[in-house]
Amino acid sequence: MYDFDKITERRGVGSLKWDVPERELPMWVADMDFETAPEVTEALKARAAHAIFGYSVITEDWYDAYIRWWKRRHNLVMEKEWLIFCTGVVPAISSAVRKLTTVGENVLVQTPVYNIFFNSIRNNGRNILESPLVYDGRQYSINFADLEDKLSDPQTTLMLLCNPHNPVGKIWDKETLARIGELCAKHHVLVLSDEIHCDLTDPGYEYVPFASVSEVCRSNSITCMAPTKAFNLAGLQTAAVMVPDPVIRHKLNRGLNTDEVAEPNAFAVGAAVAAFEKGESWLEELRKYLYENKRSVRKFMEDQLPVIKVVPSDATYLLWLDCSQVTDDAGALCSFIRQDSGLYLTEGVEYGSCGRQFVRMNTACPRERLMDGLTRLKKSVEAYGA
């Protein structure tokens, strides 16, 4: 029904991802090379046709869309009062860091993790405290002894949780999330759960909202959510934070307003409503397509480039590639690949020092483009080792 094989030219439209030389193929930053759901496009066209773009408010259907979507798809019951509009997940995280911690305190992250977490912490004068995930040569898990040791530091006041986890594609199960929640409550550490990738699980897999696990998790958490990753709408600057606890919610609300990131542009509300209310069939087709893309990458590596291992992933369209059999410096490898074949990937060290031997690949593109990227990767890796 939807054509995800369609090649859409993205150069010349001010795209961050595609602002690269003509010979290069960007498979780095996390946005997709697919046009959004037609239903979203129609809603945006209708709004543009009105031709008056004054100040906008948050309408009732915005709250309803979030509440219905999370209840229907993720078994999370929300109340309207818990939701606050925000222009993006990253602005929300930065506001939370500024409002809910003080300069010099520790903000804990589980590395390798979304690199912009580091910016939100460091740029605001807080300390990055890493609790590295454990990699057994195949997949990742949490070192709970290390996690509790670092949460118990009185200087640690906030934990940034990535759920599902970017870049490793891990879906945290209910028991794991419950244990995190109990430890954070025990040591008086607030949890901010970034759940922006939650709708991009593989077919047959479901993520668990942190706030749905227990009363402990719900009352000691902020959840960041948005349609932007799933529906490729990042440039429209539309997101939400869900904060069940009224005291935490009041503080964060003041922070978001102080930072002037709590007001929508003319398209932000309508796009989110259209995505959640009308885009479900498109999303289901997208998830299948992304799953097949990831499967194609795994098969290609097994058959043609076995020196690179694909870390198992049940969520997101990002793949975490173990390059340890090729090099102990994936940054140098990435630079060589980009110069040699024009393939633009992200070096793993950006996600923490434990990512030094890894590369992140964005597979959200038409299959023809994906295979082009894999062909380039093979050529360059073979040349690198020559």
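Annotations for the structure displayed:
- Placing a label point 7 Å from the Cα of LEU16 along the Cα-to-Cβ direction, the residues of the stretch 247-272 with a backbone N closer than 18 Å are 261-262, 265, 268.
- Amide H contacts under 5 Å for LEU161: LEU192, SER193, ASP194, restricted to partners 5 or more places along the chain or on a different chain, H placed in the peptide plane at 1.01 Å from N.
- Sorting TYR205, TYR291, TYR55 on solvent-accessible area from highest to lowest, probe radius 1.4 Å, gives TYR55, TYR205, TYR291.
- In summary, the lysines within cross-link reach of LYS45, defined as a Cα separation below 16 angstrom excluding same-chain residues under 8 places away, comprise LYS278.
- Å² of accessible area per residue within the chain, as computed with a 1.4 Å probe and no ligands counted: 42
- The chain, helix-only ellipticity at 222 nm - DSSP H runs n ≥ 4, -39,500 (n - 2.57), divided by all residues, nearest 500: -12500 deg cm²/dmol
- Distance between the pseudo-spin-label points of ASN75 and SER152 (7 Å out from Cα toward the beta carbon): 3.3 nm.
- Over all directions, the projected convex hull of the C-alpha atoms in the stretch 1-60 averages 6.7 nm² in area.
- The chain, accessible surface, carbon-and-sulfur percent (1.4 angstrom probe): 50
- Amide H contacts of ARG126 (H built 1.01 Å from N, in plane; Pro and chain starts excluded): GLY104 sit under 5 Å, all sequence-distant by 5 or more or on other chains.
- Compared with the direct C-alpha span, the chain from GLN325 to GLU263 gains 17.5 nm at full extension, assuming 0.36 nm per residue.
- TRP82 accessible area, 1.4 Å probe, all protein chains in place, Å² to nearest 10: 20
- Near ALA315, the amide H atoms lying under 5 Å from its own belong to ASP202; only residues 5 or more places off or on other chains count, and H is placed 1.01 Å from N.
- Largest to smallest in accessible area, the residues LYS309, LYS251 fall in the order LYS251, LYS309 (1.4 Å probe, all protein chains included).
- Pair-distance distribution of the stretch 250-359: all C-alpha pairs, bin width 5 Å, starting at 0; shares per bin in whole percent are 2, 10, 13, 14, 13, 10, 12, 12, 9, 4, 1.
- Å³ per residue enclosed by the Cα convex hull of the stretch 311-386: 89
- Under Stokes-Einstein, with the Kirkwood radius over Cα pairs as Rh, the value for the chain at 20 °C and 1.002 mPa s is 100 µm²/s.
- Across LYS170/LYS299; LYS17/LYS71; LYS150/LYS174; LYS170/LYS379, pairs whose alpha-carbon gap is larger than 26 Å: LYS17/LYS71; LYS170/LYS379
- Taking label positions 7 Å along the Cα-Cβ direction at both PHE53 and ASP5, the computed distance is 3.6 nm, reported to one decimal.
- Among ARG249, ARG218, ARG295, ARG47, the sequence by solvent-accessible area, most first, with a 1.4 Å probe is ARG295, ARG218, ARG47, ARG249.
- One equal scatterer on each Cα of the stretch 63-216, no solvent, Debye formula: the resulting log10 I(q)/I(0) at q = 0.12, 0.17 Å⁻¹ is -0.51, -1.07.
- Separation of alpha-carbon centers, the stretch 116-191 and the stretch 242-280, rounded to whole Å: 24
The values are calculated or read from the model by the stated rules, or taken from the named source; none is laboratory data. What you see is a predicted model, and the numbers here were worked out from it, not measured in a lab. Backbone-built Cβ (ideal geometry, glycine too); neighbour counts: all protein chains shown. For the accessible areas, the whole protein counts, side chains as well, though only heavy atoms, and no ligand, DNA or RNA atoms are used. Shrake-Rupley method; radii C 1.70, N 1.55, O 1.52, S 1.80 Å.
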